[in-house]
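Encoded as structure tokens, the structure appears first; notes follow it.
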Amino acid sequence: VNTTESRPALHHQYRALKPSPEFDFKKICGPLLQKIKQEKYKNIITFGIGGSFEGPKLLQEFLLNPASNINYAFVSGPDKDEFNAIVKPLIGQKNLYIFASKSLSTDETLTCLKWLGKNRTDKNSIVITANSEGARALGFAEPSIVPFPESVGGRYSIWSPISLTAAVENNFTGFLQGAGLADSLLSGGSTEAKKYQKLIKTLAFSDIWFNNFCNKKNRVVLAYNWRLRSFANYIQQLEMESLGKPSNSASIFRETGQTIFGGFGSTAQHSYFQQLHQGTSEYSADIIYSPKAQSPLSNAQAQGQSSLLSSAHKQSSNLLERTNGNIPVNLFILPTLSLKELGFLLATWEHRVFVTACLLQINPFDQFGVAAGKTAAQKFLK
């Protein structure tokens, strides 16, 4: 399906009921996870950026295990201040350093590897990559290399060994099972599957409609649970890298992807919500919350803001108090905050993006704009 780069997109294979050996997360990572548990590391530090950062970070924050004896840290680079603030105080302790990079040519990650220097050894580091040859060239020993296929895109790699840290103290299988359920509904023929397919089509159709015909170029993504505070960042990369493409001349749609922004709902209410309610730009919105897993105040905020945003224009005798309304809201209500529920939600979002791309007649799996940015930066390093 990735026609512009002449390669398949097979990240969903990790979610299969019976995955092939190349995509069997448990078989690939099981022995290594057992070894990590036996070592009783004090800190597990992951170096990565893009999909190698957003996915693992989202998962680790979502898991929220106060009883854990392990400190998980994530470093994106290449700012030395970030390295000094997060990594430097931990050097000398019992650390596991994880370098996560599909290509292993990402400047930010390689810079962190250089800064770590002799503090990295074969015993305290692993590399997760689709470039095993490059890993060996950088000095990683064979047992320290965790491979994944080239057919798994960075922004779709959350299902792969890239998310190894999430499985150290948790049952990662549930996460994959939730996503696998969504996949089965997308391709199924049951009544339940048809309802799911209707949902995906409705989400995709409405995104395109709002963007092309209602001037709603921006969509805000708000999660009203602290464990999902990085959800919007993950979705921002998923959507804007997948749908941020030139329009297809054969398509009737001139606008492709919307601009996605957002964050933790309660914090957002005290910053950019003012513009949502009374500004002059046009928006649509996605709101995510779980009634059983959060405080009554958070529930009230999620429902109240959803109602206010989507309601008709609120008249007031005082012009300064009038609110815009007319912001279409998709409300995602999670029964529980389990890994299975999160897996189902993220796979559903992928399906939304894929169907949108099909309707727009663009490729959601390439990223030539990202590559152009990397090339431009290299010119200034010389």
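List of remarks:
- The DSSP beta bridges internal to the range 176-360 are antiparallel in roughly 5% of cases.
- Rounded to the nearest 5, the antiparallel percentage of DSSP beta bridges internal to the range 1-114 is 10%.
- Each stretch of four or more DSSP H residues adds -39500 (n - 2.57); spread over every residue of the chain, this sum gives -13500 deg cm²/dmol at 222 nm.
- Rounded if a/c under 1.5, otherwise prolate or oblate - the chain, Cα gyration tensor axes: prolate
- Looking at the chain alone, DSSP beta bridges between its own residues are antiparallel in about 5 percent of cases.
- Extension gain for ILE70 to LYS379 (0.36 nm times residue separation, less C-alpha to C-alpha distance): 107.2 nm.
- Estimated from the Cβ-Cβ distance and a Förster radius of 51 angstrom, the FRET efficiency linking THR4 and GLN274 is about 0.80.
- When the C-alpha to C-alpha distance is required to be over 30 Å, the pairs from LYS217/LYS292; LYS26/LYS201; LYS57/LYS80; LYS18/LYS57; LYS194/LYS292; LYS123/LYS379 that qualify are LYS217/LYS292; LYS26/LYS201; LYS123/LYS379.
- Rounded tilt (10° steps) of 191-213 against the dominant C-alpha axis of the chain: 70
- Within the range 86-111: backbone nitrogen closer than 18 Å to the GLU150 label point (7 Å, Cα to C-beta): 101-106
- Backbone amide hydrogens, once placed in the peptide plane, bring ASN2 within less than 5 Å of ARG7, ALA9, excluding anything fewer than 5 places away on its chain.
- Of the trypsin sites (Lys or Arg not before Pro) in the range 254-330, those whose Cβ has at most 13 other Cβ within 10 Å and which sit in DSSP loop: ARG254
- Compactness of the range 179-291 as Cα Rg over 2.2 N^0.38 Å, two decimals: 1.20
- Between ILE91 and VAL370, the modelled labels are 3.0 nm apart [label points 7 Å from Cα along Cα→Cβ].
- Full extension of the chain between LYS217 and ALA141 yields a length gain of 22.6 nm, computed as 0.36 nm times the residue separation minus the alpha carbon distance.
- Length added when fully stretched, GLU282-THR111, from 0.36 nm per residue minus Cα-Cα: 57.5 nm
- Each peptide in 228-235, 12-19 was scored by the mean count of other Cβ atoms within 10 Å over its residues; highest first, the order is 228-235, 12-19.
- Cα shape, the range 77-149, gyration tensor, a/c 1.5 rule: oblate
Read-outs throughout are calculated quantities, based only on the coordinates presented, and are distinct from any laboratory measurement. Treat the numbers as computed from the prediction; the structure is a model and nothing was measured. So basically every Cβ, Gly included, is an ideal-geometry build from the backbone, and we count neighbours across all protein chains shown.
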